[in-house]
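Input: a single structure, listed below in structure tokens.
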Amino acid sequence: MALSFSVQAECGITRARAGLMKLPHCDVRTPVFMPVGTQGTMKGLLPDQLEALDCEIILGNTYHLGNRPGIDVLEKAGGLHKFMGWKRALLTDSGGFQMVSLLKLAEITEEGVKFKSPYDGSEIMLTPEKSIEIQNCIGADIMMQLDDVVQTTFQDYNRIKEAKERTSRWLDRCLKAHKRPLEQSIFPIVQGLLNSELRRQSAEDHMTKNVNGFAIGGLSGGEAKDDFWPMVSLGTEILDKKRPRYLMGVGMAVDLVICVALGIDMFDCVYPTRTAMQLMRAMRHNIINGTFVQFVKGFMEEVYPDANYPSWVVNSLHSVGINLVST
């Protein structure tokens, strides 16, 4: 199998769980934070240094790797693992986020996304099929579907609904184009921004697909935290508990603790990639030892020593049984 996932321990109060995700290149212990190596490298760190830090999985970007070094070079190298000298697991983003980060250079249609290269101005057409072709060539253990990404704070309901529905259609095209299903897994991406009904529809539609895991996308893009955490909670409420659940682009320390409590298994973000931390290992240890709730309370006391907790922190943790404020 390209991926198998088992839950090894669960918090008796929250939705937090410690799991083991078996991938072709490495077993990955969850909850896990995936450092971002956009172009197949972690700036300032060699692969053997990452191994020494006990890093089990890192993330690369399909859009950037497809541009440089390109699929011809990657094919000759035998895939990204060999190209960068990394023996452990890889996850690749689809290139969809560049619809937001490079919006001025992008034109989005049902066929795909047409970009102007930020390197030389040439035109690049990224379709669901092309995204999967590049990711098959990269050889990542986990690949993301190409999704229609809209800025989180966008207000146009019709555009949000269109993006959610197009993401589902593009998922079907990605699954059909996948050439290495026994070696690589595609994760669908739940969309719908801050609309709970659209997110519910997206998650329930993805649940009907024969996939090994799920991702929650379209968050951590500038929205209020009071709007953020209910969308995460909705996702973990619906998505299959027997498969890993990945929250894309989230990596601030408080966010990680709360979202593990809400039931998320996998995270990535450029911010902690650049600033480093050992937080996920501590959370996994406390889930297994049955002390996760005490850990969360202690962590929040350190972050907020005056006990002046933001309302979103109090409310999100209360929703999974942790009361920071005594009544």
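The values are calculated or read from the model by the stated rules, or taken from the named source; none is laboratory data. In this text the structure is predicted, and so the values were computed from the model without any measurement. Here the Cβ is made from the backbone with ideal geometry for all residues, glycine too, and neighbour counts use every protein chain on show. The area values use the complete protein model at the heavy-atom level, side chains included, leaving out ligands, DNA and RNA. Shrake-Rupley method; radii C 1.70, N 1.55, O 1.52, S 1.80 Å.
The residue that is farthest from residue 225 (Cα to Cα), among those in region 269-311 that are at pLDDT below 95 and polar (S, T, N, Q), is 278. Scanning region 235-263 for residues that are of a type outside the set (Gly, Ala, Ser) and within 11 Å of residue 219 (Cβ to Cβ), which turns out most open to solvent (accessible area, probe 1.4 Å)? In this case the residue turns out to be 248.
Of the residues making up region 164-202, those that are outside any helix (DSSP H, G or I) and either β-branched (Val, Ile, Thr) or within 18 Å of residue 247 (Cα to Cα) (or both) are 185, 186, 187, 188, 189, 190, 191, 192, 193, 194, 195.
Here region 134-151 is the region considered, the condition is being polar (S, T, N, Q) and open to solvent by less than 10 Å² (accessible area, probe 1.4 Å), and the residue that is nearest to residue 76 (Cα to Cα) is 135.
Out of (1) at pLDDT 95 or above; (2) open to solvent by 20 Å² or more (accessible area, probe 1.4 Å); (3) assigned to a loop (DSSP other than H, G, I, E, B), the odd one out for residue 325 is which? In the conditions (1) at pLDDT 95 or above; (2) open to solvent by 20 Å² or more (accessible area, probe 1.4 Å); (3) assigned to a loop (DSSP other than H, G, I, E, B), residue 325 misses (1) alone. Pairing residues of region 204-216 that are within 16 Å of residue 176 (Cα to Cα) with residues that are in a strand (DSSP E or B) and hydroxyl-bearing (Ser, Thr, Tyr), at Cβ distances under 9 Å and at least 6 apart in sequence or on separate chains, gives 211/185; 212/4; 212/185. Can you tell me which residue among 320, 293 is in contact with a helix residue (DSSP H, G or I) (Cβ under 8 Å, 6 or more places away or on another chain) and farther than 28 Å from residue 93 by Cα? Selected residue: 320, the only one of 320, 293 that is in contact with a helix residue (DSSP H, G or I) (Cβ under 8 Å, 6 or more places away or on another chain) and farther than 28 Å from residue 93 by Cα. Kindly indicate whether any position in region 154-166 is over 26 Å from residue 30 (Cα atoms), surrounded by fewer than 18 Cβ atoms within 10 Å (Cβ to Cβ) and of a type in the set (Gly, Ala, Ser). No. Take the conditions touching a residue at least 24 places away in the same chain (Cβ under 8 Å) and surrounded by fewer than 21 Cβ atoms within 10 Å (Cβ to Cβ) and apply them to residue 270. Does it pass? Here the answer is yes, as residue 270 does meet what is asked.
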